[in-house]
Amino acid sequence: MTESHKSTGVDFRLIGENGSDFTYQFKPGETGIAAFLPMSLHIIEGSMCYRSLDLIAMCKLQAFIDTSLNRVGFERNNDICWGFEPLRFQDNVTFKHIEYWLIRQSLQADSGTGNIASILRSTEWYRLVRFLLQEADSTERLQDLGARYGVSVSHFRRLTRKALGNTTKVEMCDWRLVRALLDLMGEQKSLTTLAMKHGYSSLSHFSNDVKISLGVSPRSLKDVIISDAKK
């Protein structure tokens with residue numbers, strides 16, 4: 001989050017690790033969201049203030065957005081090393097407001113946040129979360145997942161804990177349950193078939209997870225959904 005000086009604005013120079021070198025200007029009082037690849041920033045004239053955002057959380061959110069919208073085939077664009085989107089901040093803006101903003105922008109076809117999204121997608125955290133989302137229903141051991149990702153199991157554990165803020169097993173179990181519950185709402189399959197589809201060892205395993213999380217059995221939950229749909 002950036003804000004240039006209200007009367008002078010700011011001219012600055014960006015020098016990237018890949019040798020890119022260019023200058024840019026923020027108008028007086030201009031505010032917005034900026035994302036950078038690793039690079040150095042040098043103020044030429046004027047001043048600005050900024051507040052760092054949680055990069056890993058932003059990358060994780062972008063991965064969830066792209067997965068939910070079935071967006072695939074992103075390739076790193078080496079010509080994009082930074083992005084900026086003007087945005088007028090409310091008083092006491094929180095990170096939750098920024099998350100809502102990113103979601104809204106991602107749903108707009110003409111959004112100007114393409115470069116910011118490209119920066120987020122170029123990170124290790126984005127690629128890791130996309131990989132884990134694809135494997136959310138997998139019954140593979142963590143060692144096997146790490147090997148397929150291309151790193152040792154110890155390094156894989158460190159990466160995933162940092163990216164997810166939780167252990168891989170706990171987080172992926174939560175994701176699996178959410179996917180299964182969404183299917184429960186939209187598909188007319190038997191509960192046993194649904195449980196098997198999402199990698200549960202048995203219907204009782206699935207039922208136990210649902211009861212722990214929601215306090216009701218999946219059968220009772222499905223009956224409520226069907227009843228509401230008929231109203």
Near pairs, Cβ below 6 angstrom, 6+ apart or cross-chain, from segment 80-94 (closer than 22 Å to Ser122 by Cα) to any residue that is part of a strand (DSSP E or B) and modelled with pLDDT of 85 or more: Gly83/Ala35; Phe84/Gly32; Phe84/Ala34; Glu85/Gly32; Glu85/Ile33; Pro86/Gly32
Residue under evaluation Leu133, criteria (1) in contact with a Phe, Trp or Tyr (Cβ under 8 Å, 6 or more places away or on another chain); (2) at pLDDT 90 or above, criterion not met: (2)
Cβ-Cβ under 7 Å pairs, at least 6 apart or on other chains, segment 181-203 side in the same structural domain as Asp223 (by TED's automatic domain parsing), far side of a type in the set (Val, Ile, Thr): Met185/Ile225; Gly199/Thr139; Leu203/Thr192
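From the set of residues in segment 1-44 that are assigned to a loop (DSSP other than H, G, I, E, B) and touching a Ser or Thr at 6+ places or on another chain (Cβ under 6 Å), which is surrounded by the fewest Cβ atoms within 10 Å (Cβ to Cβ)? Spell out how you get there, then give the answer.
As a first pass, look at segment 1-44 and keep what is assigned to a loop (DSSP other than H, G, I, E, B): 1, 5-9, 17-20, 27-30, 37-38.
Filter again for touching a Ser or Thr at 6+ places or on another chain (Cβ under 6 Å), leaving 5, 28, 30.
Numbers: His5: 16, Pro28: 12, Glu30: 19.
Restricting to residues being assigned to a loop (DSSP other than H, G, I, E, B) and touching a Ser or Thr at 6+ places or on another chain (Cβ under 6 Å), the top hit is Pro28.
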Qualifying positions in segment 9-59 - in contact with a helix residue (DSSP H, G or I) (Cβ under 9 Å, 6 or more places away or on another chain) and closer than 14 Å to Ile119 by Cβ: Ile33, Ala34, Ala35, Phe36, Leu37, Leu53, Leu55, Ile56, Met58, Cys59
Residue match in segment 26-36 (condition: in contact with a Gly (Cβ under 7 Å, 6 or more places away or on another chain), more than 19 Å from Asp79 (Cα to Cα) and among the polar types (S, T, N, Q)): no
Which numbered condition Ser204 fails, given (1) out of contact with any helix residue (DSSP H, G or I) (no Cβ under 7 Å at 6 or more places or on another chain); (2) in a helix (DSSP H, G or I); (3) within 25 Å of Cys59 (Cα to Cα): (3)
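Do we find that Ala147 is modelled with pLDDT under 85 and of a type in the set (Gly, Ala, Ser) in this structure? Please lay out each step first, then the result.
Numbers: modelled with pLDDT under 85: no; of a type in the set (Gly, Ala, Ser): yes.
Here the answer is no, as Ala147 does not meet what is asked.
Here's the yes/no breakdown for (1) part of a helix (DSSP H, G or I); (2) loosely packed, with under 14 Cβ neighbours inside 10 Å:
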{"site": "Ile98", "(1), (2)": "yes, no"}
{"site": "Leu102", "(1), (2)": "yes, no"}
{"site": "Gln108", "(1), (2)": "no, yes"}
{"site": "Ala117", "(1), (2)": "yes, no"}
{"site": "Ala136", "(1), (2)": "no, no"}
{"site": "Gly146", "(1), (2)": "yes, no"}
{"site": "Arg158", "(1), (2)": "yes, yes"}
{"site": "Lys162", "(1), (2)": "yes, yes"}
Among (1) buried (at least 19 other Cβ atoms within 10 Å of the Cβ); (2) under 23 Å from Arg71 (Cβ atoms), the one test that Arg179 misses: (1)
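Just checking, which of Thr139, Thr113 is over 30 Å from Ile33 (Cα atoms) and modelled with pLDDT under 80?
Values: Thr113 fails: over 30 Å from Ile33 (Cα atoms).
Criteria check complete, one pass: Thr139.
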Criterion violated by Val10 - all others in (1) closer than 30 Å to Leu164 by Cβ; (2) touching a Phe, Trp or Tyr at 6+ places or on another chain (Cβ under 6 Å) satisfied: (1)
Failed item, numbered, when Lys231 is tested on (1) at pLDDT below 85; (2) under 18 Å from Ser138 (Cα atoms); (3) basic (Lys, Arg): (2)
Filter pass, Gly46 being modelled with pLDDT of 85 or more, more than 20 Å from the chain's Cα centre (by Cα) and more than 22 Å from Gln108 (Cβ to Cβ): yes
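Looking at segment 164-201, which of its residues are basic (Lys, Arg), assigned to a helix (DSSP H, G or I) and more than 25 Å from Leu55 (Cβ to Cβ)?
Residues of segment 164-201 basic (Lys, Arg): 169, 176, 179, 189, 197.
Okay, now just the ones that are also assigned to a helix (DSSP H, G or I), so 169, 176, 179, 197.
Of everything in segment 164-201, those that are basic (Lys, Arg), assigned to a helix (DSSP H, G or I) and more than 25 Å from Leu55 (Cβ to Cβ) turn out to be Arg176, Arg179, Lys197.
The values are calculated or read from the model by the stated rules, or taken from the named source; none is laboratory data. Note that this is a predicted model, so its numbers are computed, not measured. All Cβ positions, glycine included, derive from the backbone under ideal geometry; neighbour counts span all protein chains shown.
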